[in-house]
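Report on the following structure.
Throughout, read-outs are computed from the coordinates displayed, never taken from laboratory work. What you see is a predicted model, and the numbers here were worked out from it, not measured in a lab. Reconstructed Cβ throughout: ideal geometry from the backbone, glycine too, with neighbour counts over all protein chains shown.
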């Protein structure tokens, strides 16, 4: 059964720092991997989608990489800002469960001014 | 811009009531999903649908049912609400190669 793990569970950094959030998954049979952002009490906002055949995707200050063979993805945030404070969720569209999304528990990021 | 709309942001219902949570998407996506999110447990899949009038059970279907009469609308039904169904409910739709789009969530409190 696919399992997704995110490390660390929480992270606090000063404004301006570059940071990396980690995601690992146990079964490499995935269709794609998606990173989401969730603000308190709100829904999920899609940040980046990486197809299984791709290695990385970029959007503004965000860069996500995927190494399917080792079951790892990283989300890199450059020049962090207080507005980046949120919970970041990694999810894989799992080939073994009819393509359903399997989520990690998230990393709660706090960027201090 | 792609949109998934959940009809209510906040709901308070009494134990034993029948509750309907509505979700509408405007993207012509085939697939629609209902999740619940609880602290420490993350997101868990309740039901999903790959086509009109089609439904499949997710990981925690007990106490819930769904309806998909039209492609754009997927409803979650709590047959007899209980306090352990107090949660954040999230609807999503997806298309292969495009990924998932989520609604803004419904915070349901059952008293």
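Just a few scattered comments:
- Listed residues B:66, B:52, B:12, most fluctuating in chain B (Gaussian network, C-alpha, under 10 Å): B:12
- Ascending count of other beta-carbon atoms within 10 Å, so fewest first, for B:101, A:26: A:26, B:101
- Overall Cα dimensions of the protein assembly as shown - principal axes, largest extent first, Å: 50, 37, 34
- Shielding by other protein chains, A:41-51, mean Cβ within 10 Å: 5
- The DSSP beta bridges internal to chain B are antiparallel in roughly 90% of cases.
- Here the ratio of the Cα radius of gyration of the range B:24-111 to 2.2 N^0.38 Å is 1.05.
- Estimated inter-spin distance, residue A:5 and residue A:61, nm [label 7 Å along Cα→Cβ]: 3.0 nm
- Result for chain A in a Gaussian network model with C-alpha springs under 10 Å: among A:46, A:59, A:85, the largest mean-square fluctuation is at A:59.
- Model label zone, residue B:38; criterion: amide N under 12 Å from point 7 Å along Cα-to-beta-carbon; scope the range B:55-86: B:60-62, B:82-86
- For chain A, the antiparallel share of DSSP beta bridges with both residues in that region comes to about 90%.
- Net length available on complete extension from residue A:31 to residue A:112 is 25.6 nm, with 0.36 nm assigned per residue and the Cα-Cα distance removed.
- Taking one quarter of the surface of the convex hull spanned by the alpha-carbon atoms of the range B:7-46 gives a direction-averaged projected area of 4.2 nm².
- When chain B is treated as a Gaussian network with alpha carbon springs shorter than 10 Å, the biggest mean-square fluctuation among B:96, B:77, B:60 belongs to B:96.
- Label-reachable residues, the range A:18-39, where backbone N falls under 18 Å from a point 7 Å from residue A:79's Cα toward its Cβ: A:18-20
- Three-way shape label, the range A:7-113, alpha-carbon gyration tensor, a/c 1.5: prolate
- Rg and Dmax of the range B:1-75, Cα atoms only, in Å: 12.9, 38
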